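Chemist: Mind having a look at this structure? Questions to follow.
The values are calculated or read from the model by the stated rules, or taken from the named source; none is laboratory data. Quantities reported herein were computed from a predicted structural model and do not represent experimental measurements. Ideal geometry is used to build each Cβ from the backbone, glycine not excepted, and the neighbour counts take in all protein chains shown. Side chains are part of the model used for accessible areas, which takes the heavy atoms of the whole protein and leaves out ligands, DNA and RNA. Shrake-Rupley method; radii C 1.70, N 1.55, O 1.52, S 1.80 Å.
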Amino acid sequence: SLLSLGCFCSEFPPDFKFGVSTASYQVEGAWNESGKGENIWDHLSHFRNDLIFDRSTGDVACDSYHKTKEDVALLKSLGVDYYRFSLSWSRILPSGFANNINDDGIRYYNELIDELLANGIEPFVTLYHWDLPQPLQEIGGWPNPLLADIFAEYATIAFKSFGAKVKHWQTFNEPLQVCHEGYGIANKAPAYTSDGVAPYMCSTTLLRAHGKTYRIYQDKYKSTQNGLVGITLDSSWFEAQTQKDSDSAKRVLRMGLGWFANPIFSESGDYPQVMKEVISKASAEEGFSKSRLPSFTAEEIEMIRGSADFLGLNHYTTRLVTDGAAKGISRPSYYFDIGAEARVDEAWESSAASWLKVVPWGLRKLLNFIKEEYGNPDVVIAENGYAGEYEEFTQDCRRIHYHNKYLEQVLLAITEDKCNVKAYTAWSFLDNFEWLRGYSERFGLIHIDFENPNRTRTPKHSSKVFTNIIKTRKIDWDFAASGFDKCEF
Ligand SMILES: O=S(=O)(O)CCCN1CCN(CCO[C@@H]2O[C@H](CO)[C@@H](O)[C@H](O)[C@H]2O)CC1
């Protein structure tokens, strides 16, 4: 434990916050209730249901739309400081456009926010967690530059409707997943396969949308609402397999996390230099008349540079990197552009999610990379969690072990390395719809019975340990303090 590492810093700082997180499409259900419009995950789960592992949908999910009081009571009993959730754009603006506001959407989120505040829990709101209104996809989706202004109008309605009560905003959740997996490799809605081309158009629109939104908040709402606006980026840690792979590992980080972090958090702004160079070169080799990576104007670079008050970080796992794109990889493609291979160490502990290996030390490395690369910005760990299967329902020991070990790395990064980490959010509050994996992979501290129309909530052991950590502000290594016997696994 920490003591063995000679670190007597076993307590989290007094102002460090703890929370749990969900996302609208993954928990709300009520997919077509009270005026809500169709979004790209409704569309994919209905018309491309073959892409979903267990042929499920988010039509009902955890039915959270109908369970505000019950869920906030559970959050209260968890003892969290804040609850990170996302707004369903299509519940508020059914067509995506700001000319038609669905009052029920405003009502639903006001009730949730009011209930949270009445229970002393801060709302931590994500404007976009992957659920684009379908009509906007039908005009091209994020590769369409016009979506930058359309998103900014949606964000403005959210600031007007909830900004008196919501003081922590994130514009986007995981833009890399939105663009690369959504438009490049069909691993997320809208499941396009325009690899190496559409994802870069998507990122350019999305970064413009983010920058515009941040500036609107600063110009029109900051003085009266005084909230913070950030963005949540996902990144694994990428460790060089050998010394000769270290340049490659850096490049993977700069073309992954840096793809979105560099334009916002770096001194110079704009896409990372290495990203512009490799894509320009590859595009010329492929016969394109110009680079597949669109460029920002000087004004856009300035608008986007510095456009966040904190960096939200979603981190789950680590990869080992070797130089050179995988043999036979097709091009144009993002992975070809990156020019490196990422693999796991077979010795790493697994989880119910094939991609999620338990590698706690990667988080401390990533937090230090962010500190060095972007000048030690305020970081909120917006997601970190472990995927289990049904049988872990009672003794979810592996989840407790995962959170303890990752929290240990957060503590070391703060106390030993002086990284500005301000909060830690467990993914997830509830078992929920895990995208193309349906309900087969469970991340919740609270178990959901998806076979029961009531979607019964049952706290797992991990929820009791998490509550204990929040209360004592120490990692609960032997869980004994949580009132139940030690987990063995
Ligand atoms: O580094 S590599 O490229 O070699 C392997 C990458 C593995 N990714 C990491 C990010 N993850 C998205 C996480 O996605 C987040 O995490 C939760 C659990 O999945 C989701 O339910 C949330 O909605 C989402 O915000 C998808 C898998």
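Chemist: Evaluate the relative contact order of the stretch 316-430 (contact order divided by residue number), counting alpha-carbon pairs under 8 angstrom at least 6 apart; express in whole percent.
Modeler: Across the stretch 316-430, relative contact order equals 27 percent.
Chemist: Continuing with this model, one more query. May I ask for the equivalent-ellipsoid semi-axes of the stretch 304-359, computed as the square root of five times each C-alpha gyration tensor eigenvalue and listed largest first in whole Å?
Modeler: For the stretch 304-359, the semi-axes come out at 25, 22, 10 Å.
Chemist: Against the empirical 2.2 N^0.38 Å scaling, what ratio does the C-alpha Rg of the stretch 384-482 come to?
Modeler: For the stretch 384-482, the normalised Cα radius of gyration comes out at 1.15.
Chemist: Leaving out ligands and nucleic acids, note down the accessible area per residue over the stretch 65-169 with a 1.4 angstrom probe, in whole Å².
Modeler: Accessible area per residue: 33 Å².
Chemist: Report the charge-dipole magnitude of the stretch 5-58 in Debye, nearest 20, computed about the Cα centre from +1 at each Lys and Arg Cβ and -1 at each Asp and Glu Cβ.
Modeler: Dipole magnitude for the stretch 5-58 comes out near 60 debye.
Chemist: Also, quick follow-up: For the stretch 226-271, max minus min Cα coordinate along each principal axis, in Å, sorted largest first?
Modeler: The Cα atoms of the stretch 226-271 stretch 47, 21, 11 Å along the principal axes, largest first.
Chemist: Roll a 1.4 angstrom probe over the protein heavy atoms and tell me the percent of accessible area of the stretch 25-136 that is carbon or sulfur.
Modeler: Answer for the stretch 25-136: carbon and sulfur cover 53 percent of the accessible area.
Chemist: Now a separate question. What is the sum of charges, Lys and Arg at +1 and Asp and Glu at -1, for the other residues whose Cβ falls under 10 Å from the Cβ of residue 431?
Modeler: Once positives and negatives cancel, what remains is +1.
Chemist: Which three lengths, in whole Å and largest first, does the stretch 315-453 cover when its Cα atoms are put on their principal axes?
Modeler: Principal extents (largest minus smallest coordinate, Cα): 48, 44, 27 Å.
Chemist: Could you point to the residue in 315, 190, 252 farthest towards the positive end of the stretch 184-338's charge dipole, with +1 and -1 charges on the Cβ of Lys/Arg and Asp/Glu respectively?
Modeler: Checking the options against the dipole of the stretch 184-338, the answer is 190.
Chemist: Another question, then. Could you tell me the distance between the Cα centroids of the stretch 174-238 and the stretch 105-156, to the nearest Å?
Modeler: Between the Cα centres of the stretch 174-238 and the stretch 105-156 lies a distance of 13 Å.
Chemist: Let me ask something additional. Volume per residue, Å³, of the convex hull around the alpha-carbon atoms of the stretch 267-364? Mind showing how you got there, number by number?
Modeler: Working: hull volume 14.8 nm³, N = 98.
Considering the Cα atoms of the stretch 267-364, their hull volume per residue is 151 Å³.
Chemist: Using the Cα atoms as the points, what is the convex hull volume per residue of the stretch 416-463 in Å³?
Modeler: Normalising the Cα hull of the stretch 416-463 by residue number yields 119 Å³.
Chemist: Taking the highest mean first, how do the peptides 125-133, 246-254 order by number of other beta carbon atoms within 10 angstrom per residue?
Modeler: Packing proxy ranking, top to bottom: 125-133, 246-254.
Chemist: Evaluate E = 1/(1 + (r/R0)^6) for residue 458 and residue 54, where r is the Cβ-Cβ distance and R0 equals 22 Å; express this FRET efficiency to the nearest 0.05.
Modeler: Step by step, r from the Cβ atoms, then E = 0.60.
Chemist: Which whole-number percent of Cα pairs in the stretch 238-318 have a distance greater than 15 Å?
Modeler: In whole percent, the long-distance tail amounts to 64.
Chemist: Residue by residue through the stretch 366-376, which ³J(HN,Hα) values in whole Hz follow from phi under the Karplus form 6.51 cos²θ - 1.76 cosθ + 1.60 (θ = phi - 60°), with glycine and proline marked x?
Modeler: 5, 4, 6, 4, 4, 4, 6, 6, 10, x, 6
Chemist: Would you work out which of 380, 108, 297 lies farthest towards the positive end of the dipole of the chain? Charges go on Cβ: Lys and Arg +1, Asp and Glu -1.
Modeler: 297
Chemist: Here's a follow-up. Across the stretch 416-422, in residue order, what do the Karplus-derived ³J(HN,Hα) couplings come to in whole Hz, using 6.51 cos²θ - 1.76 cosθ + 1.60 with θ = phi - 60° and x for Gly and Pro?
Modeler: Each residue's phi maps through the Karplus curve to give 8, 9, 6, 6, 7, 8, 9 Hz.
Chemist: Still on this model: When only C-alpha pairs under 8 Å and at least 6 residues apart count, what is the relative contact order of the stretch 183-230, in percent?
Modeler: About 22 percent, as a whole number.
Chemist: Under 15 Å from the Cβ of residue 414, count the other residues' Cβ atoms, weight Lys and Arg +1, Asp and Glu -1, and hand me the total. Could the numbers behind the result be given before it?
Modeler: Working: positive: 17, 364, 365, 371, 418, 422, 473, 474; negative: 11, 15, 378, 408, 416, 417.
Surrounding charge for residue 414 is +2.
Chemist: If you roll a 1.4 Å probe over the stretch 317-431 with all protein chains in place, what percent of the accessible area is carbon or sulfur?
Modeler: 50
Chemist: Also: Could you do me a favour and compute the accessible area per residue for the stretch 330-412, 1.4 Å probe, result in Å²?
Modeler: Each residue of the stretch 330-412 exposes 37 Å² on average to a 1.4 Å probe.
Chemist: What order do you get for 286-295, 83-92 when each peptide is scored by the mean count of other beta carbon atoms within 10 Å, highest first?
Modeler: Values: 286-295: 13.6, 83-92: 27.4.
Taking the mean over residues of other Cβ atoms within 10 Å, the ranking is 83-92, 286-295.
Chemist: Keeping every protein chain in place, order 10, 354 by accessible area at 1.4 Å, biggest value first, i.e. largest first.
Modeler: Largest accessible area first, the residues go 354, 10.
Chemist: In cubic angstrom, how much convex hull volume per residue do the alpha carbon atoms of the stretch 62-185 span?
Modeler: In the stretch 62-185, the Cα convex hull volume per residue is 116 Å³.
Chemist: When the label point is put 7 Å from the Cα of residue 193 along its Cα-to-beta-carbon vector, which residues of the stretch 36-57 have a backbone N closer than 14 Å?
Modeler: Answer for the stretch 36-57: 51.
Chemist: Would you mind working out the magnitude of the charge dipole of the chain relative to its Cα centre, with +1 at each Lys and Arg C-beta and -1 at each Asp and Glu C-beta, to the nearest 20 Debye?
Modeler: Approximately 740 debye in magnitude.
Chemist: Please list the non-local residues whose amide H lies under 5 Å from the amide H of residue 427, H modeled 1.01 Å from N, same-chain partners needing a gap of 5 or more.
Modeler: Result for residue 427 returns 384, 385.
Chemist: In 20 Å bins starting at 0, how do the alpha-carbon pair distances of the chain split up by percent?
Modeler: Over the chain, the share of Cα pairs per 20 Å bin runs 24, 61, 15, 0 percent.
Chemist: When only C-alpha pairs under 8 Å and at least 6 residues apart count, what is the relative contact order of the stretch 165-312, in percent? Write down the numbers at each step before the final one.
Modeler: Numbers: 225 pairs, mean separation 41.1, N = 148.
Relative contact order for the stretch 165-312 comes out at 28 percent.
Chemist: Next question. ³J(HN,Hα) across the stretch 84-93 via Karplus (A = 6.51, B = -1.76, C = 1.60, θ = phi - 60°), whole Hz, x for Gly/Pro?
Modeler: Per residue, the Karplus-derived 3J(HN,Hα) values read 8, 9, 10, 8, 7, 3, 6, 7, 8, 10 Hz.
Chemist: Here's something else I'd like to know. Under a 1.4 Å probe, what is the accessible area of the stretch 225-304 per residue, stated in Å²?
Modeler: 44
Chemist: Given q = 0.25 Å⁻¹, what are the Debye log10 I(q)/I(0) values for the stretch 1-104, with equal point scatterers placed on the Cα positions and solvent ignored?
Modeler: These q points yield log10 I(q)/I(0) values of -1.30.
Chemist: A follow-up question, please. Assign unit charges at the C-beta atoms only (+1 for Lys and Arg, -1 for Asp and Glu), then state the dipole size of the stretch 199-292 relative to its Cα centre in Debye, rounded to the nearest 20.
Modeler: 380
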